[in-house]
Every structure is written in C-alpha cells, then in structure tokens.
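A.B. asks: Input: one structure, supplied below.
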C-alpha cells in the first residue's frame, strides 16, 4: 500500500496526484453496509471481533448460505451463553441445545483450545458407508421386534 495521508480521517487511503482519495473497504461494498451492525461481515476476512447470540447477523440474503452465517442462525435458535469467535463460527461442527460459547471473564486462548477440542469437525461419509449404516440400523431395528 502507498503512503498514508495524515490529515484525512478515513483509512485506508491512496494519494493520487496530490489529492487524498478514500478507498472503500470490502465491508463498505456490501449493499446493506449502512444498515448492518453485524460484528462479522462475510466480505471482511479480517474481522477480529467476537459475537454473542443476541447480536445482529449479516442481513444480506446473498450470504445466507455461508457456513459462518448459518452457524449464527443455528446458535440463535439454541440460545447459548458466552461469546463466539470467527474461528468457532467457521467450524463445521454440530450445534445443538446446551452448546456454550467462551466465558468473557476468563482467558480466551485456553478456553478456545478446549472448545475446539470438544467440538470436532463433522465427518464426511461416503455413500457406501451411509448405506452400510442404513443396513445396520434396519437389522438392529428388526432384531428388536
């Protein structure tokens, strides 16, 4: 990036032919930018904030299928306590009643490591494995009759 103009309150900036011109951030390119107060924006890869289940979620319908936004909607339904980081929200894990976020009164690093350990990524299974599991379920169900 080129040198910064110290007189202008906007960041980042480029100096072109002696005039300071503001460069729009990725977040500002969103059509909902003026209305949205979501701490995590799918357009901003550098979001470093935290998110509580009661806070706003991205309003842009074009981003509803993103894993980050889907996780936020699932978490709102189960009403967890604590906060969630971007890394936690991007994790493809099972979200169900009883899930807890991080405690704001404790150190984050250790809690985050423990949370990630206790919430492993969902496993992708092949169609063949899925069929084997179906057969096993049918067999067990028929044995109980």
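A.B. asks: Which residues, counting only those in the stretch 82-103, are surrounded by 12 or more Cβ atoms within 10 Å (Cβ to Cβ) and part of a loop (DSSP other than H, G, I, E, B)? Give the steps one after another, and end with the answer.
C.D. replies: The initial filter retains those residues of the stretch 82-103 that are surrounded by 12 or more Cβ atoms within 10 Å (Cβ to Cβ), namely 82-86, 88-93, 95, 99-103.
Residues satisfying the conditions are 82, 85, 91, 92, 93, 95, 99, 100, 101, 103.
A.B. asks: Condition test on residue 48, is it in a loop (DSSP other than H, G, I, E, B) and either touching a strand residue (DSSP E or B) at 6+ places or on another chain (Cβ under 6 Å) or free of Cβ contacts under 8 Å to residues at least 24 places away in the same chain (or both)? Even if it seems obvious, please write down each step before you answer.
C.D. replies: Working: in a loop (DSSP other than H, G, I, E, B): yes; either touching a strand residue (DSSP E or B) at 6+ places or on another chain (Cβ under 6 Å) or free of Cβ contacts under 8 Å to residues at least 24 places away in the same chain (or both): no.
Considered against the rule, which asks whether it is in a loop (DSSP other than H, G, I, E, B) and either touching a strand residue (DSSP E or B) at 6+ places or on another chain (Cβ under 6 Å) or free of Cβ contacts under 8 Å to residues at least 24 places away in the same chain (or both), residue 48 comes out as no.
A.B. asks: So which residues in the stretch 60-80 are in a loop (DSSP other than H, G, I, E, B) and either in contact with a helix residue (DSSP H, G or I) (Cβ under 7 Å, 6 or more places away or on another chain) or closer than 21 Å to residue 95 by Cβ (or both)? Spell out the reasoning first.
C.D. replies: Narrowing the stretch 60-80 to residues in a loop (DSSP other than H, G, I, E, B): 60, 64-66, 79-80.
Within the stretch 60-80, 64, 65, 66, 79, 80 meet the criteria.
A.B. asks: Within 25 Å of the chain's Cα centre (by Cα) and modelled with pLDDT under 80, is that true of residue 55?
C.D. replies: For residue 55, the condition - within 25 Å of the chain's Cα centre (by Cα) and modelled with pLDDT under 80 - is not met.
A.B. asks: Which condition number in (1) without any contact (Cβ under 8 Å) to a residue 12 or more places away in the chain; (2) under 14 Å from the mean Cα position of the chain (by Cα) is the one that residue 114 fails?
C.D. replies: (2)
A.B. asks: Let me ask something else. Could you list, in sequence order, all residues of the stretch 50-68 that are surrounded by 13 or more Cβ atoms within 10 Å (Cβ to Cβ) and within 16 Å of residue 101 (Cα to Cα)?
C.D. replies: 50, 51, 52, 53, 55, 68
The values are calculated or read from the model by the stated rules, or taken from the named source; none is laboratory data. On a predicted model such as this, the values are computed, not experimentally measured, just so you know. All Cβ positions, even for glycine, are placed from backbone atoms using ideal geometry, and neighbour counts span all protein chains on display.
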